[in-house]
Structure formats: structure tokens, C-alpha cells
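Take a look at the structure set out below.
The values are calculated or read from the model by the stated rules, or taken from the named source; none is laboratory data. Everything numeric in this text was worked out from a predicted model, so none of it was measured. Glycine also receives a Cβ, built like all others from the backbone with ideal geometry; neighbour counts cover every protein chain displayed.
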Amino acid sequence: TYVIAEPCVDLLDKACIEECPVDCIYEGGRMMYIHPDECVDCGACEPVCPVEAIYYEDDVPEQWGAYQKANAEFFDEL
Ligand code: SF4
């Protein structure tokens, strides 16, 4: 799955939403979240993010590792 990290917080540009073929990017509070079970790993969202907030799960920068958990937990709470 792809994961959205800190640069999205309070920005919510939403360019990613237009690109996602399976509509698995959702708005929630201060940022956007990618549903880990719905994401098909196509990578279309990554290059369109103006602040490089989107990473493949294995490539999330270490300081933003918590965002992977946050994306999963966001959907558990729905
Ligand atoms: Fe959607 Fe593809 Fe991005 Fe996953 S990688 S969130 S399926 S655009």
C-alpha cells in the first residue's frame, strides 16, 4: 500500500484523489489517508502530490514511519 505522511497535514491538496483509479484516498481531519486494503499499488498518486507526501510503504522516510500506522488506524476507526 501507499502511505500519506506529514507534508499533507493541514494542506490537503487533493491532487492525489483525481489520480487514484480505485478511489481509495479519503479526507479525514487534517490530512488525507490511503485505505491500505483498497490501494492497488499503482503509484499514480505519488508523482502528483505537490509536497511529496506519498510514499510506497517500504519507502516511507524513517521520521514519518508513524504515518503508516496512522493510515491503517484511521480506517479501523471508521
Ligand atoms: Fe490509489 Fe494507486 Fe495511490 Fe494506491 S497507489 S492510493 S491505488 S493512486
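How many residues, within the stretch 37-74, are in a loop (DSSP other than H, G, I, E, B) and within 9 Å of the ligand (Cβ to nearest atom)?
8
Any residue in the stretch 7-18 that is surrounded by fewer than 16 Cβ atoms within 10 Å (Cβ to Cβ) sitting within a Cβ distance under 6 Å of a residue that is assigned to a loop (DSSP other than H, G, I, E, B)? List the pairs, counting only those 6 or more apart or interchain.
Pairs that qualify, where the first residue is surrounded by fewer than 16 Cβ atoms within 10 Å (Cβ to Cβ) and the partner is assigned to a loop (DSSP other than H, G, I, E, B), are Val9/Arg30; Asp10/Arg30; Asp13/Pro50.
Check whether at least one residue in the stretch 55-75 is aliphatic (A, V, I, L, M), within 10 Å of the chain's Cα centre (by Cα) and at pLDDT 95 or above, and report yes or no.
no
Filter the stretch 19-34 down to the residues that are part of a loop (DSSP other than H, G, I, E, B) and buried (at least 18 other Cβ atoms within 10 Å of the Cβ), then identify the one that is nearest to the ligand (Cβ to nearest atom).
Looking at residues that are part of a loop (DSSP other than H, G, I, E, B) and buried (at least 18 other Cβ atoms within 10 Å of the Cβ), I get Cys20.
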